[in-house]
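The values are calculated or read from the model by the stated rules, or taken from the named source; none is laboratory data. Being a predicted model, the structure only gives us computed values, none of them experimental. Neighbour counts are summed over all protein chains in view; Cβ atoms, including those assigned to glycine, are modelled from backbone coordinates with ideal geometry.
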Amino acid sequence: MQATKIDDQKANLLKLLKTAGVKGLNKSGLKINGSKLKKQALNELENESKIVNLEGRGRYLYVLKEFDNPLERACQKVEKILTSQGNKLLSKGQLTAQFNKGLPGKVKKELERAIDWLIKNRQLMKLKHGNAIFHLHVPTIISSFPSTDQHLTSLFKTPKTDMDRQKVLSAYMEITSRTGYSNIEIYRLQQALGVEMEILEPFLLNESKKGSAVLSFGDWSLSSKEIRSCSIDIDGTPHLLVRFKLQEEIL
């Protein structure tokens, strides 16, 4: 009987979060109200990775696992802020102050990665004047120029990421099966696919942004020139390895 009650509460919580969508709900919105049964149901759903708390440190904002995308949310917030400024320059401090308003904890932590991802995908331009750092939103800048300016448009054209994902995953699985390691050199993947890094890099960055892949450092000092040639620079640090998450890790 107790198990049935817990299952009913879990189903109700999932229904509420599905309705809330990307916005999520705090404990008040989930109508926990000190109920031990509801608290237990909430804890079980979190332990089962069906829901995620985007806050932390005694604060709560729950979403379904499918909406656990802090990097994507951070990118959207940065672009929204800079778009609203038009051609006006914002210092790093000003951007950070606006960015942190109303965001859950996990998203706030992604500001640096979001900026780096947007720069790599040619959505942001980083400017430095003395010790001050500014960022400009590239699409907003381009929209200020005549649409006939093909040179400017092509200069900031977003890199293509339309690779065959299944083909990439098949190559990845073949390499992991052969080597016995889930973290593989990006170089090995690039060689197996036979594509240029200018195509593979934005694809991997996009997968990382979605939380489907994890890029890691590797050992630069022990790596060959070939392996180093396929590194992906994030925050000034070269990443040599990639690991795709299994489906059960994403769900």
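If you go through the range 105-122 and keep only what is assigned to a loop (DSSP other than H, G, I, E, B), buried (at least 18 other Cβ atoms within 10 Å of the Cβ) and either modelled with pLDDT of 85 or more or in contact with a strand residue (DSSP E or B) (Cβ under 7 Å, 6 or more places away or on another chain) (or both), you end up with just GLU110.
Residue check: LYS128 meets all listed conditions (1) surrounded by 15 or more Cβ atoms within 10 Å (Cβ to Cβ); (2) farther than 27 Å from ASP68 by Cα but one, namely (1).
Take the conditions without any contact (Cβ under 8 Å) to a residue 60 or more places away in the chain, under 30 Å from LYS128 (Cα atoms) and acidic (Asp, Glu) and apply them to GLU79. Does it pass? So GLU79 fits the description; yes.
Restricting to the range 14-34, count the residues that are under 19 Å from GLY58 (Cβ atoms) and of a type in the set (Gly, Ala, Ser). Reasoning before the result, please.
Within the range 14-34, the first condition is being under 19 Å from GLY58 (Cβ atoms), and the residues that meet it are 24-30, 32-34.
Filter again for of a type in the set (Gly, Ala, Ser), leaving 24, 28-29, 34.
Result for the range 14-34: 4.
Within the range 211-233, track down each residue that is under 17 Å from TYR172 (Cβ atoms), touching a strand residue (DSSP E or B) at 6+ places or on another chain (Cβ under 9 Å) and assigned to a loop (DSSP other than H, G, I, E, B). If the condition is that a residue be under 17 Å from TYR172 (Cβ atoms), touching a strand residue (DSSP E or B) at 6+ places or on another chain (Cβ under 9 Å) and assigned to a loop (DSSP other than H, G, I, E, B), then SER212, GLY218, CYS230 are the ones that fit. Selection of the range 53-66 for residues being buried (at least 20 other Cβ atoms within 10 Å of the Cβ) and either among the aliphatic types (A, V, I, L, M) or modelled with pLDDT under 90 (or both) yields LEU54, LEU61, VAL63. Put simply, of GLY93, GLY105, GLY86, GLY58 the only residue that is of a type in the set (Gly, Ala, Ser) and outside the structural domain of THR140 (by TED's automatic domain parsing) is GLY58.
THR140: modelled with pLDDT under 85 and in contact with a Gly (Cβ under 7 Å, 6 or more places away or on another chain), yes or no? Show your work before the answer.
Numbers: modelled with pLDDT under 85: yes; in contact with a Gly (Cβ under 7 Å, 6 or more places away or on another chain): yes.
The answer is yes for THR140.
When the residues of the range 82-103 are filtered to those that are of a type in the set (Lys, Arg) and within 22 Å of ASN131 (Cα to Cα), the one that is surrounded by the fewest Cβ atoms within 10 Å (Cβ to Cβ) is LYS88. Restricting the first member to the range 223-249 and to residues that are surrounded by 14 or more Cβ atoms within 10 Å (Cβ to Cβ) and charged (D, E, K, R), and the second to residues that are assigned to a loop (DSSP other than H, G, I, E, B) and modelled with pLDDT of 80 or more, the beta-carbon pairs closer than 6 Å and six or more apart or on different chains are ARG243/SER182; ARG243/ASN183; LYS245/SER212.
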